[in-house]
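To start, the structure under review is shown below, and the notes come after it.
The values are calculated or read from the model by the stated rules, or taken from the named source; none is laboratory data. Just so we're clear, the structure is a prediction, and the values are computed from it rather than from any experiment. Backbone-built Cβ (ideal geometry, glycine too); neighbour counts: all protein chains shown.
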């Protein structure tokens, strides 16, 4: 970058002269006789001129003043050193170490307190998305007091309570002290739902009842204590069918046709999932993939989400991590239960933030997520994305991600990502670090002879 000079007329953005500048995403020192600024290169023109943002003024004591907007001119552009990167992290209170910076020296760190905004995480198959998400979750669980609930459809996070062999150090020690519950269908710590505790709208959605089209059955459900309290009892169908009420008889036929008495999700007298989450373990992993029928994992989702929403006035923070979020958040869902789950997530996305209900949604493509959800996200993590349409959609939703950095996504290698938004000190290209815990699931390899 020899001979390259930069100027800023507002103290917030800068441009450089033509020359051999720094690559996009690089942190740079902008030095004049009067002082030094820290900047981020966001785009490079064909002639080599750079455009970027000013992140603050570096002082002689190694600090960074992020409030200053002093202009400058004829500043020499030099790569930021490790001390300058550390000043940025200290000024931003970024403490969660998730890997290394790709374009600058030093670790990449996130700001734990800024997970009080919804987060969108995406990357195509093979990008390392699930592994990388595990790195971030480990840091959150180890170093913050924010309870985490993971909706885990593929059993990828069921080993969060274990340590990888040979892993040591303060992060591993902190994680080992956390209370991590893993609830699994038919497991020693079972994943269960109380039908009787669900609101009537959720019960009707599970039973696929419309209050108008199925008025008689819906009214029976509304006023039937037997259904509300004994769905998991073998005597229920007999009780309903023994009645002279056509509505009760029709409801018995519906329950029988749906096979609901055979569902392993019903709690009976055991502890349901919402009571476990109400205790606020440091992390609760819901293994949704082990049920025998798809409506059961949706029943878990509606039970958890409805209960948290009903208790929202308690203002008890929780981070809801929804992996493979298209399963619960797609605009194309059509069954009553799936739609009920999605609509509750839309409501939490729009209104839950002020109550401490925060979302982290992970999926392969933004087009698979309802616009009413993704539009409410402020934090962004992007891994390898090859589709121009997907990148254009991300650019339209997330102005916090510089276009020049977002355009690099198709060339990311496995485990590389762009982080942007309030939970990172500045838009950052990252090589993700190693997991402390084993992966719960992994791709099946091709057998070789």
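Figures for the structure shown
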| read-out | value |
| --- | --- |
| Scan of the range 71-83 for residues that are surrounded by 20 or more Cβ atoms within 10 Å (Cβ to Cβ) and either part of a loop (DSSP other than H, G, I, E, B) or modelled with pLDDT of 95 or more (or both), ordered by number | 80 |
| Spans of helices (runs of 4 or more DSSP H) in the range 296-378 with at least 1 residues closer than 22 Å to residue 280 by Cα and touching a strand residue (DSSP E or B) at 6+ places or on another chain (Cβ under 8 Å) | 336-351 |
| Yes/no for residue 99 being in a loop (DSSP other than H, G, I, E, B) and outside the structural domain of residue 383 (by TED's automatic domain parsing) | no |
| Selection from the range 157-202 of residues that are more than 26 Å from the chain's Cα centre (by Cα) and buried (at least 21 other Cβ atoms within 10 Å of the Cβ) | 194, 195 |
| Any hit, the range 262-274, residues being touching a helix residue (DSSP H, G or I) at 6+ places or on another chain (Cβ under 7 Å), surrounded by fewer than 21 Cβ atoms within 10 Å (Cβ to Cβ), at pLDDT 90 or above and within 30 Å of residue 176 (Cβ to Cβ) | no |
| The range 44-70, subset at pLDDT below 90 and not in a loop (DSSP other than H, G, I, E, B), residue surrounded by the fewest Cβ atoms within 10 Å (Cβ to Cβ) | 44 |
| Among the candidates 88, 137, residue that is assigned by TED's automatic domain parsing to the domain that holds residue 175 and surrounded by 20 or more Cβ atoms within 10 Å (Cβ to Cβ) | 137 |
| Candidate set from the range 14-43 (those that are part of a loop (DSSP other than H, G, I, E, B) and touching a helix residue (DSSP H, G or I) at 6+ places or on another chain (Cβ under 7 Å)); member that is surrounded by the fewest Cβ atoms within 10 Å (Cβ to Cβ) | 24 |
| Complete set of residues in the range 386-407 that are crowded, with 18+ Cβ neighbours inside 10 Å and either part of a loop (DSSP other than H, G, I, E, B) or in the same structural domain as residue 22 (by TED's automatic domain parsing) (or both) | 398, 401, 402 |
| Which listed residue, of 161, 187, is modelled with pLDDT under 90, in the same structural domain as residue 320 (by TED's automatic domain parsing) and either assigned to a loop (DSSP other than H, G, I, E, B) or closer than 30 Å to residue 129 by Cβ (or both) | 187 |
| Filtered residues of the range 381-396 (kept if in contact (Cβ under 8 Å) with a residue 40 or more places away in the chain and either farther than 23 Å from residue 345 by Cα or in contact with a helix residue (DSSP H, G or I) (Cβ under 7 Å, 6 or more places away or on another chain) (or both)) | 382, 383, 384, 385, 386, 387, 390, 394 |
| Qualifying positions in the range 187-228 - within 18 Å of residue 159 (Cβ to Cβ) and out of contact with any strand residue (DSSP E or B) (no Cβ under 7 Å at 6 or more places or on another chain) | 187, 188 |
| Count of the range 105-123 residues which are surrounded by fewer than 23 Cβ atoms within 10 Å (Cβ to Cβ), assigned to a loop (DSSP other than H, G, I, E, B) and at pLDDT 95 or above | 3 |
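Here's the yes/no breakdown for (1) under 15 Å from residue 427 (Cβ atoms); (2) in contact with a strand residue (DSSP E or B) (Cβ under 9 Å, 6 or more places away or on another chain); (3) in contact (Cβ under 8 Å) with a residue 24 or more places away in the chain:
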| site | (1), (2), (3) |
| --- | --- |
| 13 | yes, yes, yes |
| 18 | no, no, yes |
| 24 | yes, yes, yes |
| 30 | no, yes, yes |
| 43 | yes, yes, yes |
| 50 | yes, yes, yes |
